[in-house]
Every structure is written in structure tokens, then in C-alpha cells.
Amino acid sequence: MSHPPHSALAVSADRPRVLLTSVCRPIGPAYGDAPTVGYELLHGQVTRAQGIFSPRATHLTFALDYIAANIEAPAVVLHYPSKQELIRELKRGPEYVAISFNLPLFHRMKESVALVREHAPRAKVVLGGYGTVIDDATLAPYGDHICREEGVRFFRALLGEPVRQMPYVHPLIVSKLRVLSAPVSNTGMIFAGLGCPHGCDFCCTSAFFRRKHQRLLQTGDDVFRVIERYLELDPKMSLTILDEDFLIARDRADRLRELVQARGTPLSIFAFATVKCLSRITPRELLEMGIDGVWMGYEGVRSGFSKQQGKPVSELIPELQSHGISVLTSMIIGFDYQTPEVVREELAGLLKLKPTLAQFLIYAPILGTPFHKRIVDEGRLRPDLVADPGRYYRSADGFTAMVKHPSLSATEIEALQRECFETDFRVQGPSVLRSVATYLAGWKRYHDSDSAYLRAKADRWRDEIRMAWPVVEASIRFGPNPRIASELRADIIASLGPPSLGRRILAAMTPLAAAWTRFTLKHDWFQHPAVPKRTFRLSPWSLRAGQFRDLRVDLERALERTRVTLAGAVDRASAKRLAAAILAHLRSTDEQVEVVVTDGTKAKPRHVRMLGKALARHRGRVSVALSSAESMSIWVLLSQWLDVVRGGAAGVS
């Protein structure tokens with residue numbers, strides 16, 4: 001079992017093929033898995049008690065795409081493949097098969113490894129994800145390599161590829177949100193950082209990365225470039241920044257705010273944050289940064305985590321929501337000080353703050369965390385979990401009581417958790433309805449703002465409120481608290497006027513949508529997503545170093561630019577292939593491309609023109625560097641379509 005070093009290694013001329021996959025579908029409680037195991041963060045966890053009103057969006061194993069986009073080897077990514085789909089790819093003969101899993105899916109990982117050993121016996125298995133907190137001795141029969149660090153660096157070392165500097169290539173991954181079975185929005189996922197320095201004793205992320213925060217997108221400019229690429233796909237795209245506490249890197253956040261204001265387009269960004277960092281920034285500054293939704297920890301009144309230092313939560317949550325900023329907050333069940341009365345008292349206090357969404361998880365001792373060490377040292381881990389590690393892994397899901405509590409039984413803790421979810425839904429109504437109420441609060445505050453940006457943001461809220469009219473009507477007819485929905489309906493009409501005819505027609509159809517959604521949930525129809533596989537560099541048109549007929553192409557990647565160095569001779573076939581490869585690269589990244597033509601590189605005028613015309617529409621992102629030698633004059637033809645620099649260009653011999 002190897003753990004590759006970080007030093008650069010020579011690149012193999014014959015690149016191995018890599019398959020990166022999650023575990024196979026179907027998964028979920030109906031198939032013997034833990035209560036939260038599934039494909040969705042919201043429906044499977046946060047809004048699990050909200051039935052037909054639960055927002056639906058498939059949650060992918062994003063790291064697989066991220067790694068695949070940043071290695072040189074040809075790669076295929078599978079998310080929740082069926083066993084037949086996985087076997088089909090295994091029969092194509094990958095040299096490496098990477099399987100990502102978490103603790104409750106340990107048994108599913110073993111099933112996938114068995115398929116690899118049977119159908120691709122020569123492949124090396126790489127295990128990754130938070131499930132690798134399990135010790136080497138336990139994982140050794142299943143994995144030839146284990147990744148317990150930043151995945152791109154690990155894989156490039158494993159494959160013998162040179163170290164790549166950050167920021168890495170950022171894949172575009174869009175999550176599609178559905179409500180009442182109807183598509184409502186697209187969300188672009190932004191991978192901004194790993195790890196967390198706050199060190200909460202239960203946090204696997206903080207423990208996994210040793211309480212360090214590692215920026216994947218190091219500056220506000222880096223984040224903004226990814227945002228602009230998503231907006232090119234959909235100008236109304238919502239965005240989620242994946243970083244445990246995005247605001248902790250204040251320089252990056254402040255620069256993002258500057259760039260968002262300079263562009264002027266109102267954005268909708270959801271970010272993870274802490275009470276500590278949210279207390280140091282005003283709601284208006286958040287909105288000017290594009291952030292109109294945050295996930296913050298409520299945890300428990302007496303939990304005492306350092307990240308909760310700052311404004312009282314009783315002030316912070318209402319303040320944020322009064323400015324149109326949605327709040328998803330999380331509460332923990334199972335602290336030593338909690339009794340049934342204390343849990344209900346804390347829940348009542350949280351519900352008074354009316355969070356947009358609320359999650360309730362059981363205090364769980366996950367391998368590698370300080371809480372796990374303390375519970376083991378105190379001999380408080382449930383005896384059946386001590387005796388059966390496999391059962392322990394399956395139970396590490398946040399919905400199973402694993403600890404001998406001073407005053408609560410495991411059954412009581414799990415019942416209290418269910419009570420919290422059910423009470424939240426019954427008292428506050430659907431989270432989608434609460435989101436509309438928050439939008440309306442933001443519109444009321446900023447529709448006549450002195451800021452042009454915030455007025456534009458208010459216009460976006462107004463449009464989203466009008467689009468959500470069918471949900472409001474459905475909440476009145478089918479929701480647990482019709483009074484709240486009716487009051488919101490009246491408030492919307494008083495503020496924005498009556499809905500359009502189109503919205504009223506759609507609202508009239510909500511009984512059909514509700515009935516269909518209820519039917520599919522009951523009968524498990526369409527609950528197991530078939531995600532198309534993604535391929536990287538399998539096409540002969542991919543931009544890569546190598547010999548193309550008489551043309552030699554070398555690549556050098558910098559922070560914001562890929563340098564493509566040409567040597568030899570360009571003919572019609574190589575010009576066509578080079579242009580197609582550069583175009584494919586431009587579509588998949590936000591980088592600039594510099595084409596460096598070395599002395600003596602030969603070409604006929606028609607082939608130079610072919611290359612220039614193909615790249616002309618990307619003139620702002622493609623430049624050409626030539627030496628001042630007379631022999632390079634033919635390449636000056638490119639200046640008709642691209643920016644050409646002659647003499648003294650770096651890399652031109």
C-alpha cells in the first residue's frame with residue numbers, strides 16, 4: 001500500500017487510463033443502508049421530514065470530477081453507477097480505479113472493490129474520501145493506494161505527473177433543483193477550499209485536514225473567474241461555494257465583493273460560514289458580495305465551540321433574514337448536558353428565530369475526531385459498536401445514537417431527533433415557503449435602495465417570488481401550516497400585486513404535481529438517479545503534449561495560463577487537430593492560452609490561416625508569441641485573427 005510523495009516525477013509517455021467512481025446504486029435505507037445514506041443532501045437530511053415539499057437535487061461526489069479535470073491521464077468519472085455500468089467500464093481495462101466512500105458506505109465500497117478484482121484484475125484500486133479515516137490494516141485488503149490528502153496532488157504524484165500549481169482547472173458542475181417534481185433552478189458548484197481551522201471536536205473535515213484551511217481558489221479573482229464561466233452557461237445561475245467557512249479568508253471575500261460590484265449583475269450565492277465570521281461583516285456587505293444564503297451552526301446553547309463566538313445567534317439569524325439572506329442552521333442532539341426538556345427548550349428557541357432551513361444531527365464520535373478519542377478513552381462507545389466495527393461504520397451517519405449518554409438512552413436520542421425535524425416542519429411550514437418569505441423581506445428593504453446593485457438584487461428577488469407562486473398556493477392546500485402560507489400570500493399581493501395569469505394557471509395544476517410527487521415517493525419511482533458518465537482526455541482532440549505527425553507540442557501550465565509550445569512542422573491535419581484541442585481546452589477552463597512558436601517551425605500560409613480562423617472568436621483569450629527571426633514571418637499571418645507578440649517572448653528560442 002503506497003502513499004505517493006509530493007515531489008514531481010517524470011511523465012510517462014504512455015499515460016495510464018483512470019476510472020474514478022462512487023459506490024453503486026441503488027443505495028438507501030430501503031436497501032439496508034443507514035438512515036441518511038442516499039443521493040441528496042437536502043431530501044436525505046435537511047428537509048427529510050418535509051415530504052412532497054422537500055427540495056430535490058442529486059448530490060454528486062464532486063472530488064471525482066475535480067481530480068479528473070486536473071490530471072493528464074485519460075479519465076472516466078461515474079457517479080452512482082449501476083453494477084452493470086461499472087462492470088462495463090471495468091472491462092475497458094483501466095489501470096487505476098479510484099473509489100470514493102464515507103464511513104457508512106464501507107460495505108458498499110467492498111462490493112465495488114470485488115467487482116474491480118473480478119472484471120479488471122490488473123487495475124490498482126485507490127481508496128479516497130472520508131471513509132479513509134479507517135486504519136490501514138482494515139483497508140489493506142481493498143485498496144492498493146489510499147488518498148488521505150488533497151486529491152489532485154496525490155493523483156499526479158501517483159501517476160508520475162509533475163506538480164501542478166494552484167488554482168487548478170475548475171470543472172463546471174451544475175446541480176438541478178426540483179420542487180414538486182418540477183425543475184426550478186440550476187446551481188453551479190464552486191470548489192473554493194478544503195479543511196477547517198476551527199476544530200470542533202465532532203468535525204470530520206477539520207480532523208481530516210488537521211485543522212488547516214487550504215484554499216483551492218486562492219483569491220477573489222480566482223473565485224470570480226469561475227462565477228463568470230457559470231454565468232456564461234446561464235445568466236440566472238445560482239451558485240454554491242463549497243468551503244467550510246468561506247468568510248475566514250477575508251481578503252479573498254473582500255476582493256470578490258469588489259469584482260461583483262464592478263460587474264453589477266445581482267448574484268445568488270450560498271456559502272458556508274460561522275457565527276464568528278458572520279459577526280464581523282454586515283448583511284449589506286454579504287449581499288454586495290453576492291451571498292444571499294449561508295449555512296451556520298446553531299449546535300447547542302451550551303456547546304461552547306470557538307466558531308460560535310460573536311453576536312448572539314438570537315440576533316444574528318433574524319438580522320440576516322431581514323436583509324433577504326436565507327439561513328440554514330444546524331442543531332446537535334446528544335450533548336452531555338441535554339435532557340429531553342433541554343432539547344425541546346433549545347428547539348423552541350431556534351424555531352423562534354425562524355431559520356429558512358434547519359438540520360438536526362446526533363452528536364456522533366467519528367473516527368479521527370477528538371470527540372471519538374474522548375468517548376473511547378471514557379469507555380462510552382456502545383458495546384455492540386465496539387464489538388462490531390462494521391456496525392460502527394454503518395452507524396456513523398448522524399442519525400444513530402452511538403454513545404452511552406449520562407441521562408438519555410439511544411432510543412430517546414433518536415426519537416428526539418425525529419421530533420425536532422417534525423416540529424420544525426409542522427410549526428414553520430415548508431422550507432421552500434420560508435425561502436419566499438426571506439426573499440420578500442429582502443425586496444422590501446432594498447427595492448428603493450440607494451445602491452443600483454441592491455435595487456437590481458431586489459428585482460431578482462421579485463422575479464423569484466413571482467415564479468414561486470404555485471408553491472405558495474400548494475402550501476396553503478397541502479402544507480402543515482396553512483395560516484403561515486395564507487399570510488405570506490396576502491403579503492406578496494400587497495407588496496407586488498397579484499400573480500400573472502400564467503402563474504395562476506400553474507398554481508391550479510399543483511394538485512396534480514403534489515399527487516405525482518407523493519406517488520413517486522411512496523413507490524420509490526425515479527428516486528435513483530442515472531448520472532451520465534463524464535470523460536476527460538479520451539478524445540484524440542484533447543489538448544495534451546506529444547508528437548502530432550511532424551509537429552511537437554509541449555504544455556506548461558501556470559496559474560491563469562496554459563502555454564502551448566510548437567516545434568517542427570504544421571500541416572493541414574495537425575493544424576486542424578491543434579485548433580480543436582485548444583478550443584476544447586478553452587471551453588473546459590477559464591485559462592488564457594499562449595501559443596509559442598519556436599524558431600524553425602514550418603507551415604504553409606493556408607495552414608496558418610486555418611489555425612487563425614478557427615481560434616479567432618477567442619482572440620481575448622488566445623495570444624501568440626514569436627521570435628523576431630525572419631524565418632518566422634509566415635506566422636505573422638495569425639495577427640489577422642489573434643494578438644501576436646514578436647521578439648523577447650518567454651519560451652521562444
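The values are calculated or read from the model by the stated rules, or taken from the named source; none is laboratory data. Given the structure is predicted, the values throughout are model-derived calculations rather than measurements. Here the Cβ is made from the backbone with ideal geometry for all residues, glycine too, and neighbour counts use every protein chain on show. Accessible surface areas use protein heavy atoms only, side chains included; no ligands, DNA or RNA. Shrake-Rupley method; radii C 1.70, N 1.55, O 1.52, S 1.80 Å.
Quick look at the numbers
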item	result
Segment 105-208: GluC sites (Glu not before Pro) in DSSP coil with no more than 10 other Cβ atoms inside 10 Å	none
Any cysteine of the chain lacking a neighbouring Cys Cβ under 4.7 Å - listed by number	24, 147, 196, 204, 277, 420
Rough spin-label spacing in nm, given labels placed 7 Å along Cα→Cβ, for residue 254 and residue 528	5.2
As computed over the chain, the Cα convex hull volume per residue (Å³)	168
For segment 82-211: rounded, prolate or oblate by the Cα gyration tensor [a/c cutoff 1.5]	rounded
Additional length obtainable on full extension of the chain from residue 496 to residue 639, 0.36 nm per residue less Cα span	46.1 nm
Length added when fully stretched, residue 618-residue 221, from 0.36 nm per residue minus Cα-Cα	140.9 nm
About the Cα centre, charge dipole magnitude for the chain (Lys/Arg +1, Asp/Glu -1 at Cβ), debye	1940
Integer Hz, Karplus 6.51/-1.76/1.60 couplings in order for segment 273-284, x for Gly and Pro	8, 10, 4, 4, 6, 5, 6, 9, 9, 7, x, 5
Overall form of segment 51-90 per C-alpha gyration tensor (a/c, 1.5; a/b vs b/c)	oblate
Mean accessible surface per residue for the chain, computed with a 1.4 Å probe while every protein chain stays in place, in Å²	42
Using θ = phi - 60° and Karplus 6.51 cos²θ - 1.76 cosθ + 1.60, couplings along segment 45-61 (whole Hz; Gly, Pro as x)	9, 5, 10, 4, 8, 9, x, 5, 8, 5, x, 10, 7, 6, 9, 7, 8
Amide H contacts under 5 Å for residue 124, placed H, 5+ residues apart	96, 97
Rounded tilt (10° steps) of 510-522 against the dominant C-alpha axis of the chain	90
Exposure rule at most 13 other beta-carbon atoms within 10 Å, DSSP loop chymotrypsin sites (Phe, Trp or Tyr not before Pro): the chain longest free segment	1-336
List 598, 138, ordered by accessible area with a 1.4 Å probe, largest first	138, 598
Sulfur and carbon atoms: percent of accessible area, segment 338-453 [1.4 Å]	55
Segment 397-524 - charge dipole about Cα centre, Lys and Arg +1 at Cβ, Asp and Glu -1, debye rounded to 20	460
Length released on extending from residue 163 to residue 571, taking residue separation times 0.36 nm less the Cα-Cα span	143.6 nm
Cα-projected label distance for residue 426 with residue 391, points at 7 Å along beta-carbon direction, nm	3.2
Backbone HN-Hα couplings from phi across segment 32-38 [Karplus 6.51/-1.76/1.60, Hz, Gly and Pro as x]	x, 8, 5, x, 9, 5, x
Heavy-atom accessible surface of segment 106-213: percent carbon and sulfur, 1.4 Å	54
Tilt relative to the chain, helix 482-496 - C-alpha long axis, 0 to 90 degrees, to 10	50
Relative contact order for the chain, counting Cα pairs under 8 Å that sit 6 or more residues apart, in percent	12
Sequence-distant residues sharing a close amide H with residue 80 (under 5 Å, placed H)	22, 23
Rel. contact order, % - alpha carbon contacts under 8 angstrom, at least six apart, segment 202-318	23
Trypsin sites (Lys or Arg not before Pro) within segment 265-364: DSSP coil, no more than 15 neighbouring Cβ in 10 Å	280, 302
Loop trypsin sites (Lys or Arg not before Pro), segment 545-625 (other Cβ atoms within 10 Å of the site Cβ: 15 or fewer; DSSP)	549, 619
Segment 520-635: antiparallel DSSP beta bridges as a percent of all, rounded to 5	45
0 to 90° range, to nearest 10: angle between helix 250-263 axis and the chain longest Cα axis	70
Entries in 91/176; 83/124; 276/373; 311/352 that, when Cα-Cα distance is taken, lie over 23 Å	91/176; 276/373
Of all accessible heavy-atom area on segment 228-324, the percent that carbon and sulfur account for (1.4 Å)	49
Euclidean distance of C-alpha centroids, segment 106-167 and segment 248-281, integer Å	35
